[in-house]
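Single-structure report; data block below.
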Amino acid sequence: MTAATTVLLSEAEIAACVERVAQALALRLKPDCVGICLLTGGLWFTADLTRALARLGVDLSFDALWLSSYGDGRESGELLLRADLQRPVQGKQVLLMDDVLDTGASLKFARDHVLRAGASEVIIAVMAQKPVARSIEADVVGWEAPLRYLVGYGLDDGAKMRGLPYIGALD
């Protein structure tokens with residue numbers, strides 16, 4: 001454990017949350033669903049969720065959108081699309097996967113982007129959701145997070161601490 005963090009969700013608790021999300025999604029996802037990871041933070045949740053779905057017999061096509069709004073700081077800045085989709089989503093169901101739903105700016109941008117690209121349906125799954133006013137809602141949430149500065153399991157502080165196996169708070 002990093003000295004400056006308080007563990008809020010352990011590695012085992014994260015695994016249980018991911019399994020619950022996979023169970024909730026398994027019967028809803030279509031065979032041609034395209035799973036899209038929001039990079040960079042969503043990578044950890046996406047990897048675990050796609051493996052959990054595969055264990056349930058759901059094999060997603062995979063793609064990613066690389067969005068950036070924070071740079072290496074804590075303050076949200078301009079939202080940038082750094083890398084676009086590599087496969088078509090026209091007429092397909094899309095599962096957007098991300099680490100945390102806070103204000104919803106990134107997920108709203110991503111949802112609108114894939115809808116403009118022709119997706120027939122967009123389902124949003126996030127590992128954590130903070131109790132704040134937001135511009136979009138998730139369809140499936142792994143954990144209701146407190147309103148704290150979160151790190152670990154993809155969540156970062158200036159591009160560091162993403163690799164922690166737990167979710168902790170810096171405060």
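The values are calculated or read from the model by the stated rules, or taken from the named source; none is laboratory data. Quick caveat, the model's predicted, so the values are computed rather than measured. Cβ atoms come from the backbone with ideal geometry, glycine included; neighbour counts cover every protein chain shown. Protein only, heavy atoms only, side chains kept; ligands, DNA and RNA dropped before computing areas. Shrake-Rupley method; radii C 1.70, N 1.55, O 1.52, S 1.80 Å.
Conditions tested, residue by residue: (1) of a type outside the set (Val, Ile, Thr); (2) at negative phi; (3) touching a helix residue (DSSP H, G or I) at 6+ places or on another chain (Cβ under 8 Å); (4) in contact (Cβ under 8 Å) with a residue 40 or more places away in the chain.
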{"site": "Met127", "(1), (2), (3), (4)": "yes, yes, yes, yes"}
{"site": "Lys130", "(1), (2), (3), (4)": "yes, yes, no, no"}
{"site": "Ala133", "(1), (2), (3), (4)": "yes, yes, no, no"}
{"site": "Ala138", "(1), (2), (3), (4)": "yes, yes, yes, no"}
{"site": "Gly142", "(1), (2), (3), (4)": "yes, yes, yes, yes"}
{"site": "Leu147", "(1), (2), (3), (4)": "yes, yes, no, no"}
{"site": "Tyr153", "(1), (2), (3), (4)": "yes, no, yes, yes"}
{"site": "Asp156", "(1), (2), (3), (4)": "yes, yes, no, yes"}
{"site": "Ala169", "(1), (2), (3), (4)": "yes, yes, no, yes"}
At pLDDT 95 or above, touching a strand residue (DSSP E or B) at 6+ places or on another chain (Cβ under 8 Å) and either surrounded by fewer than 19 Cβ atoms within 10 Å (Cβ to Cβ) or in a loop (DSSP other than H, G, I, E, B) (or both): which single residue out of Leu115, Leu85, Leu81, Leu96 fits that description?
Leu115
For the list (1) farther than 16 Å from Pro165 by Cα; (2) modelled with pLDDT under 95, I need the number of the one condition that Leu53 fails.
(2)
Only one of Leu67, Leu39 is open to solvent by 20 Å² or more (accessible area, probe 1.4 Å), within 24 Å of Gly163 (Cα to Cα) and either under 15 Å from the mean Cα position of the chain (by Cα) or modelled with pLDDT under 95 (or both). Can you tell me which?
Leu39
Looking at Arg28, Arg20 in this structure, which one is part of a helix (DSSP H, G or I) and under 18 Å from Ala138 (Cβ atoms)?
Arg20
Residue check, Trp44 against (1) free of Cβ contacts under 8 Å to residues at least 40 places away in the same chain; (2) assigned to a helix (DSSP H, G or I); (3) open to solvent by 70 Å² or more (accessible area, probe 1.4 Å); (4) not charged (D, E, K, R), all met but one. Which one?
(1)
A careful count of residues in region 8-24 that are within 14 Å of the chain's Cα centre (by Cα) and among the aliphatic types (A, V, I, L, M) gives 4
Can we say Ala128 is surrounded by 14 or more Cβ atoms within 10 Å (Cβ to Cβ), over 24 Å from Leu53 (Cα atoms) and modelled with pLDDT of 95 or more?
no
